[in-house]
């Protein structure tokens, strides 16, 4: 499943542009990583909220896709817990509930440095199966 997920990620131009890497994909779970670099920061030097939002959105969709197949985000919300700094971002998502046509997923985004792993954002979303 992970190899197939990596192939799907490689077909997403925006994910390739950012440099995201799918590091885990199993039924109901996904993990995306992204190296923190200057180009991803906002004016105070923290990782831009849009980057954290991208990671959460894409990660919840991957975890849902592991159950639903082809799917898209219907809605999601994100809470920014603290500014993100460090070396790497890691988004970890799990499916909380799923049916035939949609899944509800949560995602926690962490900023990693040499010394710590800090929670920087939490998201909750609804993912809908595509009928194509």
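The values are calculated or read from the model by the stated rules, or taken from the named source; none is laboratory data. These figures come from a predicted structure and were not determined experimentally. Positions of Cβ are generated from backbone atoms using ideal geometry, with glycine treated the same way; all protein chains shown enter the neighbour counts.
For the reader, a short list of remarks on this structure follows.
- Inter-residue pairs, beta-carbon under 9 Å, first under 21 Å from residue 130 (Cβ atoms) and in the range 85-108, second modelled with pLDDT under 95 and part of a loop (DSSP other than H, G, I, E, B), 6+ apart: 101/131
- Test: residue 64 is surrounded by 14 or more Cβ atoms within 10 Å (Cβ to Cβ) and either touching a residue at least 60 places away in the same chain (Cβ under 8 Å) or not in a strand (DSSP E or B) (or both): yes
- Verdict on residue 53 being under 23 Å from residue 3 (Cβ atoms), out of contact with any helix residue (DSSP H, G or I) (no Cβ under 7 Å at 6 or more places or on another chain), at pLDDT 95 or above and not in a strand (DSSP E or B): no
- Any hit, the range 111-130, residues being surrounded by fewer than 18 Cβ atoms within 10 Å (Cβ to Cβ), at pLDDT 95 or above, closer than 23 Å to residue 4 by Cβ and out of contact with any strand residue (DSSP E or B) (no Cβ under 7 Å at 6 or more places or on another chain): no
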